[in-house]
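Below: one structure, written as structure tokens.
The values are calculated or read from the model by the stated rules, or taken from the named source; none is laboratory data. Predicted, not measured: the structure shown is a model, and the values here were computed from it. Cβ atoms come from the backbone with ideal geometry, glycine included; neighbour counts cover every protein chain shown.
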Amino acid sequence: GENVEQHPSTLSVQEGDSAVIKCTYSDSASNYFPWYKQELGKRPQLIIDIRSNVGEKKDQRIAVTLNKTAKHFSLHITETQPEDSAVYFCAASPHSGGGADGLTFGKGTHLIIQP
Amino acid sequence: NAGVTQTPKFQVLKTGQSMTLQCAQDMNHEYMSWYRQDPGMGLRLIHYSVGAGITDQGEVPNGYNVSRSTTEDFPLRLLSAAPSQTSVYFCASSYLEGAAGELFFGEGSRLTVL
């Protein structure tokens, strides 16, 4: 099955600086790569996603890049703010063929924004 | 719309007891799934369903049972609880098969097995 590695496990940045979280995946047939944000005690929520026919996608201060050849994708947050403090999860959808295996998640990155 | 509703939010069980975590969605999503979240382990898929009457195993299915008799409901049953099943459980649904679209999560159910 799919295997998703996520780094770093903890990231501390100064408010206003940029943050980058990186993920690699193993299944070359994966074609959907979402990022979820989970605030303390809350449910995960989708913040941005990218499909394999696109190399980069931006939404205000967040962007995701995808390198299918190297099988890695990254989340970029610019001008970080205190409300960006949370755990971020990357995920990849495995090759489904005729079925549906669900998303495989990375282990998460705890992003800490220092005032 | 209420979205995805999970009950109970908290539960304490003794080893060997059984229980059912309820999950319901009102978005007419065909795809539903259960994940467990443990510290440092991310979200791991337990079981999923692509429609009423169809279920399949995920990454960590042992000790859990599911059924999907309606589009709306997807309960998760713990047959004989073990301390290793202490976790936070999330139900999630999606409008696209294979979860290749946004997953909508419930608020989570924190289970402690003594």
Checking residue A:81 against (1) under 17 Å from residue A:106 (Cα atoms); (2) more than 10 Å from the chain's Cα centre (by Cα), the condition it does not meet = (1)
Which residue, of B:16, B:42, is small (Gly, Ala, Ser) and at pLDDT 95 or above?
-> B:16
Filter result (under 21 Å from residue B:30 (Cβ atoms) and assigned to a loop (DSSP other than H, G, I, E, B)) within the stretch B:81-98 = B:95, B:96
For the stretch B:61-109, which residues satisfy the criterion of being acidic (Asp, Glu), farther than 17 Å from residue A:43 by Cβ and at pLDDT 95 or above?
-> B:72, B:73
Looking only at strands (runs of 3 or more DSSP E) that fall completely inside the stretch A:1-50, which ones have 1 or more residues that are surrounded by fewer than 20 Cβ atoms within 10 Å (Cβ to Cβ), in contact with a Lys or Arg (Cβ under 6 Å, 6 or more places away or on another chain) and within 11 Å of another protein chain (Cβ to nearest Cβ)?
-> A:32-38
Can you confirm whether the stretch A:36-48 contains a residue that is among the small types (Gly, Ala, Ser) and either within 15 Å of the chain's Cα centre (by Cα) or under 30 Å from residue B:54 (Cα atoms) (or both)?
-> no
Total residues in the stretch B:33-68, condition under 22 Å from residue B:102 (Cβ atoms) and at the interface with chain A (Cβ under 10 Å from one of its Cβ atoms) | 18
Selection count where residues are outside any strand (DSSP E or B), surrounded by fewer than 18 Cβ atoms within 10 Å (Cβ to Cβ) and in contact with a Ser or Thr (Cβ under 8 Å, 6 or more places away or on another chain), scope the stretch A:71-86 | 3
With the checklist (1) buried (at least 17 other Cβ atoms within 10 Å of the Cβ); (2) of a type outside the set (D, E, K, R); (3) without any contact (Cβ under 8 Å) to a residue 24 or more places away in the chain in hand, flag the one item residue A:55 doesn't pass.
-> (1)
Test set (1) modelled with pLDDT of 95 or more; (2) more than 16 Å from residue A:106 (Cβ to Cβ) - residue A:69 fails condition number = (1)
Can you name the residue in the stretch A:72-105 that is modelled with pLDDT of 95 or more and under 18 Å from residue B:105 (Cβ atoms) and, of all such residues, is farthest from the other protein chains (Cβ to nearest Cβ)?
-> A:86
Strands (runs of 3 or more DSSP E) wholly inside the stretch B:13-80 containing at least 1 residues that are of a type in the set (Ser, Thr, Tyr) and under 13 Å from the mean Cα position of the chain (by Cα) = B:19-25, B:31-38, B:42-51, B:54-57, B:64-66
Kindly indicate the residue of the stretch B:11-23 that is more than 14 Å from residue B:90 (Cβ to Cβ) and of a type in the set (A, V, I, L, M, F, W, C) and also surrounded by the most Cβ atoms within 10 Å (Cβ to Cβ) among those meeting that condition.
-> B:13
Answer yes or no as to whether residue A:54 is outside any loop (DSSP other than H, G, I, E, B) and not aromatic (Phe, Trp, Tyr).
-> no
